[in-house]
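*Asks:* Please find one structure pasted underneath; my questions will follow.
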Amino acid sequence: MVLVNEVTGLEKDEARGEPNLVQLVMAEQGRSRDSAIRYVIATADEHLRAFLDLHQGTAGFCDRLGLSGGGREAVHHHVDNLRDMIAGNYYVHTSVGRYGPAASARIGPDAPGLLGQDGITPS
């Protein structure tokens, strides 16, 4: 989820002058912006594939631990919640307008944070 945030929030972070993993990859690995974005996306994809593989193996994992009944149900529930959280995170980053060129154009280094735009101030 952090990797998705770093790619989808890149323009926002650049507009605000805030650090971003893509920029770090550019600096540390000498990659172009496009190459660094592709690298972070590929890394996110690898992690997602690994999670999905583990998700498919949840029943076998429960078997190896000797879980039954409530314990087994709790593990499945937790893993399903993680899957839903990952999907929801992706949806938010790609669908709600908080990220991308239009939002980034409204946000400069001196503008309030995104919470401040909604009248909510951090404590």
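*Asks:* Can you give the Rg to Rh ratio of segment 1-52, both from alpha-carbon atoms, with Rh computed by the Kirkwood formula?
*Replies:* On the way: Rg = 11.1 Å, Rh = 11.1 Å.
So for segment 1-52, dividing Rg by the Kirkwood Rh gives 0.99.
*Asks:* Sticking with this structure for a sec: Would you mind computing, in nm to one decimal, how far apart the modelled labels at residue 61 and residue 48 are, each placed 7 Å from Cα along Cα→Cβ?
*Replies:* The answer from the label model is 1.9 nm.
*Asks:* I've got another one for you. Using Cα-only point scatterers and the Debye equation, what is log10 of I(q)/I(0) for segment 21-100 at each q in 0.18, 0.24 Å⁻¹, rounded to two decimals?
*Replies:* The calculated log intensity ratios at q = 0.18, 0.24 Å⁻¹ are -0.85, -1.10.
*Asks:* A further question follows. Would you mind putting 4-11, 40-47 in packing order, based on average other-beta-carbon counts within 10 Å, highest first?
*Replies:* Working: 4-11: 20.2, 40-47: 14.8.
So the peptides 4-11, 40-47, ranked by packing, come out 4-11, 40-47.
Bear in mind these aren't lab numbers, they're just calculated from the coordinates by the rules spelled out. Predicted model only: the values in this text are computed from it and were never measured. Neighbour counts run over all protein chains shown; Cβ positions are idealised from the backbone, glycine included.
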